[in-house]
Structures are given as structure tokens and as C-alpha cells.
Amino acid sequence: MSTIGFKLVEGIHVSVSSVENVTDAEWDQYIEDIGRTLPDMTGLLSYTEGAAPTSNQRVRIGKFWNAQTKRVPLAIITTSKIVRIIVTAFNWMLGEQIRAFNTIDEGLEYLKLDPMRRQPVVEAVGELLEHVRSSQGR
């Protein structure tokens, strides 16, 4: 069962989770993938239907970003109030690097992705969400 899907598209690291929280093993793979693709990354877009990182996972991703010399903007797409609170807490740690949005378009605007390059990112969100949902039997 997959709890998260991710890939680099148009310089944007796209990740998708539904309502099931991400497992620690998959979280480690996610962080590893961000590190591997960071040189080619201009931004990170994370779409969640309510899944949120655990406190341990928040510590690990915080340590990861604090150790990086390259910073990219992070757009979190969610309508979950809990996730928005977590984003606010991360904002205190990472500064204006991370923001929450209601729509993918708002997030891509924040990431300053050229409008002509946005469609592949939107499609990737849909594909990854379908994969995560189907692996969870939804």
C-alpha cells in the first residue's frame, strides 16, 4: 500500500497523499528523493487530502531542510485545518519558504512556475493521487 507518491515535473517536486498518514519508511524515501532531485528543483508542491506528517516526520524534514544550502519555495495544497496549522508551525522554522494554499493554481503561482509549464504538474498531481487512492483501496 502506498501512502505517498512523488516525482519531479518541470522542476517542481510534486508529492501527493490522501487521508492516510505517510508511513515512516515512505517518508524516508520521500526525503531521500527530495535530496536527490534538489539540484534540479525550483520548487516543491505537496498535495494532501488530510494526511499530515507525524511529529517524528516533521523533525526529520525540518533537519533535512536546515542542513541544505539550497532553498526552494514549498507550496502545500490542502483544505485540512490540521495541515494548515502544521504549515504555520513550519513557517516559523523555515521562514517564508513554506505556505499553504487551497488550489494547485495558487500554489504554482507562488512557485512562480511559468503558466505554459503548469499543465504537466497538474496532470502529475492527478496521476499520483489516483495511484495513492487505488493502492489504499479507495
- line: The lysines whose Cα lies under 25 Å from the Cα of K7, excluding any fewer than 8 residues away in the same chain, are K63, K70, K112
- prompt: What helices does the chain have that are whole DSSP H segments, at least 18 Å long along their own axis by Cα, and with mean Kyte-Doolittle hydropathy of 0.5 or more?
  reply: 81-94
query: Which value in deg cm²/dmol, rounded to the nearest 500, describes the helix-derived mean residue ellipticity at 222 nm for the chain, given -39,500 (n - 2.57) per DSSP H run of n ≥ 4 and division by the residue count?
result: -14500 deg cm²/dmol
task: Throw me the Rg/Rh for region 77-138, computed over C-alpha atoms with Kirkwood Rh, two decimals.
output: 1.04
- prompt: For T37 and K81, what is the calculated FRET efficiency with R₀ set at 41 Å and r taken between the beta-carbons, to the nearest 0.05?
  reply: 0.85
- line: Over all pairs of different Cα atoms in the chain, the reciprocal of the mean inverse distance gives a Kirkwood radius in Å of 14.8
field: Rounded percent of accessible protein surface that carbon and sulfur make up, the chain, 1.4 Å probe
entry: 53
- prompt: Accessible area per residue, 1.4 Å probe, Å², for region 1-63: what's the number?
  reply: 42
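The values are calculated or read from the model by the stated rules, or taken from the named source; none is laboratory data. Keep in mind that what you see is a predicted model, and the values were worked out from it rather than measured. In this analysis, Cβ positions are derived from the backbone assuming ideal geometry, glycine residues included, and neighbour counts consider all displayed protein chains. When the accessible area is computed, the model is the full protein with side chains, heavy atoms only, and any ligands, DNA or RNA have been set aside. Shrake-Rupley method; radii C 1.70, N 1.55, O 1.52, S 1.80 Å.
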